[in-house]
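Here the structure comes first, spelled out in structure tokens, and everything after it is commentary.
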Amino acid sequence: MPPWQIGVFASVDAGLGVHLDVAKDLGIPTVQVHSPHAGTRTKAAADQFLGQCRSAGITVTCVFGGFEGESYADIATTARTVGLVPESTRSVRAAEMKEISDFTRLLGCDTVGMHIGFVPPDRASASYKGLLEVTRDLLDHIGKNGQKMHLETGQETADHLLEFIHDVDRTNLFINFDPANMILYGTGNPIDALKKVGHLVRSVHCKDAKWAPEPGRSQVWGSEVALGEGDVGMDLYLRTLKSVGYLGPLTIEREIAHDRDQQRKDIGTAAALLQRLRAEIL
Ligand code: MG
């Protein structure tokens, strides 16, 4: 695959992400996809989706897991509901993530991604240790499918993410770097974070955001904005990706599913911006 192929976050059955048609219409050659609901994770659904991708010349680069009951309403709700961290749903979701890995295999894709949740800060805590165990078991299943898993950044600092990946101690655990999330959650300067974790970055989101008034000290989100209009600094972001040796897809993420027309427009503008910067920087 050529370096820095443009991508977009899409969905199989209209979960998070844009419809495949948006990628097709804009001539975007790669997609990450949000995993479909359980009833749609079938061989027939995979074949149909793959057929659509093939006819549009689109490659699936990563399948993101997501679960019933997750809510990104505010930072506290996200911490309580997202990923494998919440203990009451941990084992059920780990089992579902294995099914998502199996579905990903049907799509001929070697990468699954997820928000694992807010990794507990205390490495000696029972919750942290339990999370390590369930993550190792999941990675072993994913490994049998010939796959790796990419953790989305943002819900913890770069340093704590590195500690967690070190403690999990598996060779198929990497990072999907999202610079805007670091800003949205107030977990650190995204460029500094990228320099720290760059050696583990195997996929990225191209997303932009503006800082909250008191980043890291309040439960208030920063705000996600169209690419190039926020505080990430796309030029510096791409130059830093180059400096850490990242040449994989540049996957655009624009999380305004309530306004599909604006979403499509913003993705078109983002793709043009990334193509221009790619020509300048690579
Ligand atoms: Mg993201």
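Values as computed for the structure displayed
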| quantity | calculated |
| --- | --- |
| Members of region 116-133 that are under 13 Å from V168 (Cβ atoms) and not basic (K, R) | I116, V119, Y128, G130, L131, L132, E133 |
| Segments classed as helices (runs of 4 or more DSSP H), wholly inside region 138-251, with at least 2 members that are surrounded by fewer than 19 Cβ atoms within 10 Å (Cβ to Cβ) | 158-168, 190-197, 234-243 |
| Residues that are open to solvent by less than 60 Å² (accessible area, probe 1.4 Å), over 23 Å from A212 (Cα atoms) and touching a residue at least 40 places away in the same chain (Cβ under 8 Å), drawn from region 252-277 | I267, G268, A271, L273, L274, L277 |
| So S55, is it free of Cβ contacts under 8 Å to residues at least 40 places away in the same chain and farther than 26 Å from E156 by Cβ | yes |
| Pick from region 13-62, criterion over 21 Å from S203 (Cβ atoms) and of a type in the set (V, I, T), ranking: modelled with the highest pLDDT | T42 |
| Residue selected from region 247-266 under the condition polar (S, T, N, Q) and within 15 Å of the ligand (Cβ to nearest atom), by the criterion nearest to G27 (Cα to Cα) | T251 |
| Check on G230, modelled with pLDDT of 95 or more and closer than 24 Å to V63 by Cα | no |
| Filtered residue count, region 164-182, keeping only those that are of a type outside the set (A, V, I, L, M) and more than 14 Å from the ligand (Cβ to nearest atom) | 8 |
| Region 183-209 - residue that is polar (S, T, N, Q) and without any contact (Cβ under 8 Å) to a residue 40 or more places away in the chain and, of those, farthest from the ligand (Cβ to nearest atom) | N189 |
| Filtered residues of region 112-154 (kept if of a type in the set (S, T, Y) and within 18 Å of R93 (Cα to Cα)) | S127, Y128, T135 |
| Sole residue being open to solvent by 40 Å² or more (accessible area, probe 1.4 Å) and among the hydroxyl-bearing types (S, T, Y), chosen from S88, S35 | S88 |
| V85 being in contact with a Gly (Cβ under 6 Å, 6 or more places away or on another chain) and β-branched (V, I, T) | yes |
| Members of region 120-156 that are more than 16 Å from the ligand (Cβ to nearest atom) and under 16 Å from the mean Cα position of the chain (by Cα) | Q147, K148 |
| Residue list for region 5-32, restricted to those being more than 16 Å from the ligand (Cβ to nearest atom), touching a Gly at 6+ places or on another chain (Cβ under 7 Å) and open to solvent by less than 50 Å² (accessible area, probe 1.4 Å) | I28, P29 |
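The values are calculated or read from the model by the stated rules, or taken from the named source; none is laboratory data. All figures in this text were calculated on a predicted structure; none of them were measured in a lab. Virtual Cβ from ideal backbone geometry, glycine too; neighbours counted across all protein chains shown. We work out accessible area using only protein heavy atoms, side chains counted, and drop any ligands, DNA or RNA first. Shrake-Rupley method; radii C 1.70, N 1.55, O 1.52, S 1.80 Å.
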